[in-house]
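Below: the structure, in structure tokens.
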Amino acid sequence: MQAAEKVAELRAVIGGKQIVNHELLAENVFQTTYENGVIVVTNYTSLPYDYEGHTVEGGTYYLTQEGGAL
């Protein structure tokens, strides 16, 4: 996915929504929860991170929603 497509994807699901929680899951891996229930897990490392059975590759993010996938 190209950078512009990634930005468009994020904007479509979290554009204008307030952050209600931001937490450190591991060193340089963060979970951000928005008011609409969307969760973004961002992995700033070069190594994969396992998030609830989903692999978040290094330098990428994973989108989900409280109560299930988007």
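The values are calculated or read from the model by the stated rules, or taken from the named source; none is laboratory data. These numbers come from a predicted model, not from an experiment. Using ideal geometry, Cβ is built from the backbone for each residue, glycine included, and neighbour counts are taken over all protein chains shown. These area figures cover heavy atoms from the full protein model, side chains too; ligands, DNA and RNA do not enter into them. Shrake-Rupley method; radii C 1.70, N 1.55, O 1.52, S 1.80 Å.
Numbers at a glance
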{"read-out": "Taking the chain and dividing mean pair separation by its residue count, relative contact order in percent (alpha carbons under 8 Å, at least six apart)", "value": "21"}
{"read-out": "Sparsely packed chymotrypsin sites (Phe, Trp or Tyr not before Pro) within the chain, loop by DSSP, other Cβ within 10 Å at most 16", "value": "Tyr44"}
{"read-out": "Trypsin sites (Lys or Arg not before Pro) within the chain: DSSP coil, no more than 13 neighbouring Cβ in 10 Å", "value": "Lys17"}
{"read-out": "Pairwise Cα inverse-distance average, inverted: Kirkwood Rh of the stretch 1-42 (Å)", "value": "11.0"}
{"read-out": "The chain, dipole about Cα centre (Lys/Arg Cβ +1, Asp/Glu Cβ -1), debye to the nearest 20", "value": "260"}
{"read-out": "Solvent accessible area, Å² - Glu66, 1.4 Å probe, full protein context", "value": "120"}
{"read-out": "Among (i) -0.93, -1.25; (ii) -1.10, -1.19; (iii) -0.80, -1.14, the entry that matches log10 I(q)/I(0) by the Debye sum over Cα atoms at q = 0.21, 0.25 Å⁻¹ as calculated here", "value": "(i)"}
